[in-house]
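Peer 1: Input: one structure, supplied below.
Laboratory data are not the source of any read-out in this text; all were calculated from the coordinates shown. Treat the numbers as computed from the prediction; the structure is a model and nothing was measured. Here the Cβ positions follow ideal geometry from the backbone for every residue, glycine too, while neighbour counts run over all protein chains shown.
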Amino acid sequence: MTVPEGTWVLARLALRRDRVLLPAWMAALALVAITSAAATKGLYPTADSVRQAAGALNDTPAMVAVYGHIADVSSLGALAMLKPLTTGAVLVAVLAAMLVVRHTRAEEEAGRLELVRAGLVDRFAPMTAALVVVIGANAVMAVVTALGLSATGLPVAGSCTLAAAWLFVAAVFAGVGALAAQVVTGARAANGLAVSALGAAFAVRAIGDTTAPWLSWLSPLGWAQRTRPFAGDHWWVACVGLVVAGALMAAAYGVLARRDLGAGVLPERVGPATAGRGLRSALGLAWRLQRGSLLAWSAGFAAYGLLVGGVADQVGGLLDSDQARELFTRLGGQSGMTDAVLAAMVGLLGVVASAYGVQAALRPAVEEDAGRAALLLSTPLGRPRWVAGHLLIAGTGVVVVLAAAGVAAGAVHGARTGDAGQIGRVLTAALAQAPAGWLLTGLVLAVFGVAPRFAKATWAALAVFLLLGELGPALGLADWLIGLSPYAHLPHLPGGAFAPLPVASLVAASAVLVAGGLTAFRHRDVG
């Protein structure tokens, strides 16, 4: 089969555009798996401790719903990779789908693809280039992950199986992203379809693992778990994923061959002839553009909060080695252990809330890139007011999603323990993570104000901060280097001490970044 004309040129262009984002996120995912393997070996040093922890996890329905079953309770590798296998599969799926949409439908929506195809570029070249870049990058990450896991002492076969599971999930959702980009006419709608498909796959897998195992075979995430890394290594399951990925990509090519440039399978809905009262202000417009995203994120956070609240007091059997028992005795027995688990899970929510803040704060950059900002700013609407509307949605949204998770987790945990006061404790712990999200939001605005073409590189900053703050201690990094991450300065609540100075410093730094970004945006050209 002949490669479409212009594919390799567009692939090089895509790699250049994503030269920061791709390496940062791929390195982060590989390091998470490698660090988890090293940490688990230290936490469960004996075969008995491995079996007890794995058995306790399999006996906890909430954990099974989120991460799945451990196929071999005697396997250290299976225990170590329980969380990385599922969370990594979800993350590579999101990244693969959104990158394909970014280099196909987003370019088409912005009008750049029409210019590109005016040259010696085949109509199939943009999608082929996007798929080559996404699958190639994930293949590199898979190799690095397999080598890293093997270097920790885990079996080579299991390491390769886990890497292959990530790779075929990425290929499947690259196909989902490619097909979604043909179905609808907007990049945001295509991303929404892809994420909805991922959510459905996760839900089907969770239901299957907790009630009807056959259902898990209907989900790509279920296939990833059925490869059984370090527990039999069922390589053949990867073939199922590759076949489905090929079918999705073939369908995407088929639709692309039959549609006009700028069109989609689903026609674009015609809006009302006049704008409503809510669209007569910059804040109202920002809310209209971002409300769907905020509501979806809030629902996801609330669902995760329900799971956190349900599993927090069931950790007693998960950490029963001598080292873990001694540690949590010093922390205050079972109560201290529960608070430690809540603090860890709330900390993860803080990172994900920062991702929402970055996404929402990037909206002005998207509007400017599409040419809509110049039209808006040609009216009496001032630049600070326009940006401030989106900034307010982003900053408030960070608080809203954290509050949704905090209330849900606190309510379930309080109901299980009979202590209604847990709602306030967990909600406070969740809201204490907001300053890190505000800092990332301010960083987006600062970069947007100075050099808008690099605004999306703040995703790489999020990945770096995550590595430094969450994995820095486990990797033995210097304290000053870990201190560069805002997550290293957040209080470990509930159960820990609240230090107001670090939190105030994060808020102050956020304000400085916002002020600098607004000032720079006022004095630069738009577009």
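Peer 1: Can you give the net charge of the other residues whose Cβ lies under 14 Å from the Cβ of Pro126, counting K and R as +1 and D and E as -1?
Peer 2: Net of charged neighbours comes to +2.
Peer 1: While we're here: Gap in Å between the Cα centre of segment 20-92 and the Cα centre of segment 421-466?
Peer 2: 26 Å
Peer 1: Sticking with this one: By count of other Cβ within 10 Å, fewest leading, how are Val20, Val195, Val398, Val143 ordered?
Peer 2: Val143, Val20, Val195, Val398
Peer 1: In whole Hz, what ³J(HN,Hα) sequence does segment 349-359 give by Karplus (6.51, -1.76, 1.60; θ = phi - 60°), x for Gly and Pro?
Peer 2: 4, x, 5, 5, 5, 4, 4, 4, x, 5, 4
Peer 1: Residue-wise, which Karplus ³J(HN,Hα) couplings in Hz belong to segment 130-138, taking 6.51 cos²θ - 1.76 cosθ + 1.60, θ = phi - 60°, and x for glycine or proline?
Peer 2: For segment 130-138, the Karplus-derived couplings read 4, 5, 4, 5, 5, 5, x, 5, 5 Hz, x marking Gly and Pro.
Peer 1: Can you work out the Karplus-derived ³J(HN,Hα) for every residue in segment 282-289? Use 6.51 cos²θ - 1.76 cosθ + 1.60 with θ = phi - 60°, whole Hz, and x for glycine or proline.
Peer 2: 4, 5, x, 5, 4, 5, 4, 6
Peer 1: To continue, here is another question. Which shape class, rounded, prolate or oblate, goes with segment 155-310 when its Cα gyration tensor gives a ≥ b ≥ c as root eigenvalues, a/c under 1.5 marks rounded, and past that a/b bigger than b/c marks prolate?
Peer 2: oblate
Peer 1: Just rank Trp25, Trp438, fewest to most, by other beta-carbon atoms within 10 angstrom.
Peer 2: Listing Trp25, Trp438 from fewest to most nearby Cβ atoms yields Trp25, Trp438.
Peer 1: Taking the Cα centre as origin and putting +1 on Lys and Arg beta-carbons and -1 on Asp and Glu beta-carbons, what dipole magnitude results for the chain, to the nearest 20 debye? Intermediate results must be reported in sequence, preceding the final value.
Peer 2: Values: 35 positive and 26 negative charges, 301 e Å.
Computed charge dipole of the chain: roughly 1440 debye.
Peer 1: With the crude spin-label approximation of a point 7 Å out along Cα→Cβ, what separation in nm comes out for Ala451 versus Ala139?
Peer 2: It is 3.2 nm.
Peer 1: Now for a separate question. Please give the per residue volume of the convex hull enclosing the alpha carbon atoms of segment 1-97, rounded to a whole number of Å³.
Peer 2: Working: hull volume 13.0 nm³, N = 97.
About 134 Å³ per residue, rounded to a whole number.
Peer 1: Rg and Dmax of the chain over Cα atoms: what are they, in angstrom?
Peer 2: Final numbers for Rg and Dmax: 23.4, 71 Å.
Peer 1: Right, next: If the viscosity is 0.692 mPa s and the temperature 37 °C, what Stokes-Einstein diffusion coefficient in µm²/s follows for segment 1-260 when Rh is the Kirkwood radius over Cα pairs?
Peer 2: 173 µm²/s
Peer 1: Using just the helices of the chain, give the 222 nm mean residue ellipticity in deg cm²/dmol: DSSP H runs with n ≥ 4 each add -39,500 (n - 2.57), and the total is spread over all residues, rounded to 500.
Peer 2: After summing the helix terms and dividing by residue count, I get -24000 deg cm²/dmol.
Peer 1: Continuing with the same structure: On average, how much area does the Cα convex hull of segment 281-527 cover when viewed from any direction, in nm²?
Peer 2: 14.1 nm²
Peer 1: Fewest Cβ neighbours within 10 Å first, please rank Ile482, Ile34 accordingly.
Peer 2: If I rank by nearby Cβ atoms, fewest first, I get Ile482, Ile34.
Peer 1: Another question about this same structure. Farthest toward the dipole's positive end in the chain, which of Pro435, Leu307, Leu167, given Cβ charges of +1 (Lys, Arg) and -1 (Asp, Glu) about the Cα centre?
Peer 2: Checking the options against the dipole of the chain, the answer is Pro435.
Peer 1: I need to check one value: relative contact order of the chain, counting alpha carbon pairs closer than 8 Å and at least 6 residues apart, in percent.
Peer 2: Relative contact order of the chain: 15 percent.
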